[in-house]
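Colleague: Quick one: this structure, given as C-alpha cells, is what I'll be asking you about.
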Amino acid sequence: MRITMVGTGYVGLVTGTCFANTGNDVTCLDIDPAKIEMLNRGESPIYEPGLSDLIKRNTKAGRLHFTTDKVAAYGGAEIIFICVGTPPDESGHADLQYVLGAAKDIGTAIEEGPGNTVTARTPKIIVVKSTVPVGTNRRVRDEIARHTSKAFSMASNPEFLKEGDAIHDFTHPDRVVIGADSKQTGDMLRELYEPFVRQGNPIFVMDIPSAEMVKYAANTMLATKISFINEIANLCEAYNADIDEVRRGMCSDKRIGNQFLYPGLGYGGSCFPKDVLACISMGQQVDQPAKLLEAVDQVNQVQRDRFIAKIDKHFGAAPGSDAAGSESKTASLNGKRIAVWGIAFKPGTDDIREAPSITLIQQLIDRGAKVAVFDQVALENCAKVFGADIIYAEDELSALDGADALAICTNWGEFLHPDFDDMKQRMNTPLIFDGRNLYRRESMAEHGFVYYSVGRAPVGMK
C-alpha cells in the first residue's frame, strides 16, 4: 500500500518505518528541512533501539522516503496517517492546532489532486494516529471537508508504543485498535496490520469515538496504578512498613498483577501526564469531573516534592523554616554538590519530557546546590534545558567526584550493580537518595551508606 505519515516524531517515524519494513511504500512528511535532511542521510533524530538500522535498510530498498513536499506526499497516498503532536495547553486541554492544520492541508491536496479514489476498494483514508480527545476525528473530518468536495474516509488508530521498546511493540502488538467510518475502511486497515498479528493477537474494529477513548482509558489506568503504589509507599514510610514486601504480597494476587506497580518518583514522559490532564479536561467540558484522575495527577506531582523534602530534611532544612527562623531550605543545600544518576523519564529513551529528574534538578539549583548529572543517552536533551547551570559527567562514577550526595532518578540497568567501594572513595559523604529503589537496604548498610528510598525506612540514620 502507498502510505503517508504526517510528522516524523516518535509515533510517525516508528510507525512509518515498520510499515515500510513489511513491503509498503511509505513517505514521511515533515515541515522541518533539517530533520528531513538527517533522515535522508539515514540518521534518526530520536533515540530508539533498532530504529536507525530499520530506517537505513528500508530507505536503501526504496520503500521509505522523507520529504517536506506536501503535494508529493499526499498526492498518491492511499492512506494518510496524522501523527503530529498534541501538547497540553496551560489548562490541560490537548492543543489540536497541528492536527487541524494537517487536516486543512490534506483537504486542499485532495481537492487539487488528480482524484480522490486511489484504489478500487475505497477513497483515500485519513487516519488520526495522534492521541486526541474524543470527538477530534469529527473535527478533522469537518476541516478536511471545508477544503474539498471529494469523498474520503476517516479512521482512528491509537498507538500503544513504549519508548525504548517501540519496534517490538509495533511489530508484536498486544492488540490493534481501529475506529472506522465504514466496513471498507476497517477492512483495508485490518489488511495493513495483519502481518503484525500472526501470533494471534486481536485487531479490534469499532466506532471512532470508542477508538479515541481506548488510548486514554489505557494510559490513565496505568498512570493510576503508578500513583496508587506511590500512595501506599508513602503510608508504608509513615508506619515503618516495607513497600517491597507489601508489593510482593499484593501483586501475587492474579487479579492485580505486578506491572506498573513500582514505587518511585512518579510517571513522566510524553503520554501519561498529557493524557491524564486531557481526560480531566474532557470531564470538565461535559460537567463530569474525573475526580479519581485529578487525584492521580495530584499524587504524581506531590511525589516529586516528597523526594526533595527528604534531601532538605537530611541537610537541615525543616519544613516551614523561614528567613526569620532557623536555617532556610536554600541555605541548607547552598554549595553542596549533588550527583544525579538518570535524566530520562525511563530507561531505554532520551526523552526528558515531564521527567521527575528535571523537576529535581531545578529544585536543587534553586537551593544553591552544584549539580553533576549523568545519563546514558539523555545528556544532550538535558543540556538544552539547563545549559551551563549544571555539570555533565562522562560516566556515572565521575559524576560522584566530590559529591555530598547521590540522587537516583532513572533505573538504567548500568546503575543496578555499581562498585560501592569506588563510590564511597569518590564521594565526600556516602549518602544516596534512591528514587527507584534499586538497592537492598541490607546491602547499603553493609557498605556503610546512608540510604533513603521510597516506601522503606532509611538506612544508616541514628
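Colleague: I'm trying to understand the selection: among the residues of the range 54-102, which are of a type in the set (Ser, Thr, Tyr) and within 14 Å of Thr136 (Cβ to Cβ)?
Modeller: Result: Thr86, Tyr98.
Colleague: If you don't mind, there's one more thing I want to ask. Report the residue count in the range 77-95 for those that are in contact (Cβ under 8 Å) with a residue 60 or more places away in the chain and either in a loop (DSSP other than H, G, I, E, B) or of a type in the set (Val, Ile, Thr) (or both).
Modeller: Total meeting the criteria: 13.
Colleague: Out of Gly85, Gly113, Gly92, report the one residue that is more than 22 Å from Glu159 (Cβ to Cβ) and at pLDDT below 95.
Modeller: Numbers: Gly85 fails: more than 22 Å from Glu159 (Cβ to Cβ); Gly92 fails: more than 22 Å from Glu159 (Cβ to Cβ).
So the residue among Gly85, Gly113, Gly92 that is more than 22 Å from Glu159 (Cβ to Cβ) and at pLDDT below 95 is Gly113.
Colleague: Tell me which of these Asp207 doesn't satisfy, since it passes every other one: (1) under 17 Å from Val128 (Cα atoms); (2) in contact (Cβ under 8 Å) with a residue 60 or more places away in the chain.
Modeller: It fails just one condition, (2).
Colleague: When you go through (1) assigned to a helix (DSSP H, G or I); (2) closer than 30 Å to Gly269 by Cβ; (3) in contact with a Lys or Arg (Cβ under 6 Å, 6 or more places away or on another chain) one by one for Tyr98, which number turns out not to apply?
Modeller: (3)
Colleague: Moving on to the next point. Please give the helices (runs of 4 or more DSSP H) falling wholly within the range 191-290 in which 3 or more residues are in contact with a Phe, Trp or Tyr (Cβ under 8 Å, 6 or more places away or on another chain).
Modeller: 208-239, 272-285
Colleague: Evaluate the range 224-239: report whether one residue or more is without any contact (Cβ under 8 Å) to a residue 60 or more places away in the chain, more than 27 Å from Ile338 (Cα to Cα), among the polar types (S, T, N, Q) and outside the structural domain of Leu333 (by TED's automatic domain parsing).
Modeller: No, the range 224-239 has no match at all.
Colleague: I would also like to ask the following. Which numbered condition trips up Cys18, out of (1) over 30 Å from Arg138 (Cβ atoms); (2) within 24 Å of the chain's Cα centre (by Cα)?
Modeller: For Cys18, the failing item is (1).
Colleague: How do the helices (runs of 4 or more DSSP H) wholly within the range 344-455 filter down when requiring 1 or more residues that are crowded, with 21+ Cβ neighbours inside 10 Å and under 21 Å from the mean Cα position of the chain (by Cα): which remain?
Modeller: By residue number, 356-366, 379-386.
Colleague: Next up: Can you say whether Thr185 is among the polar types (S, T, N, Q) and surrounded by 19 or more Cβ atoms within 10 Å (Cβ to Cβ), as far as the supplied structure shows?
Modeller: Yes: the conditions hold for Thr185.
Colleague: If you don't mind, another one. May I ask you to verify whether Phe170 is surrounded by fewer than 21 Cβ atoms within 10 Å (Cβ to Cβ) and either modelled with pLDDT of 95 or more or under 18 Å from Gly12 (Cα atoms) (or both)?
Modeller: no
Colleague: Follow-up. Check whether at least one residue in the range 65-76 is in contact with a strand residue (DSSP E or B) (Cβ under 7 Å, 6 or more places away or on another chain), touching a residue at least 60 places away in the same chain (Cβ under 8 Å) and part of a strand (DSSP E or B), and report yes or no.
Modeller: no
The values are calculated or read from the model by the stated rules, or taken from the named source; none is laboratory data. Quick caveat: nothing in here was measured; it's all calculated off a predicted structure. No Cβ is skipped: glycine too gets one built from the backbone with ideal geometry, and neighbour counts run over all protein chains shown.
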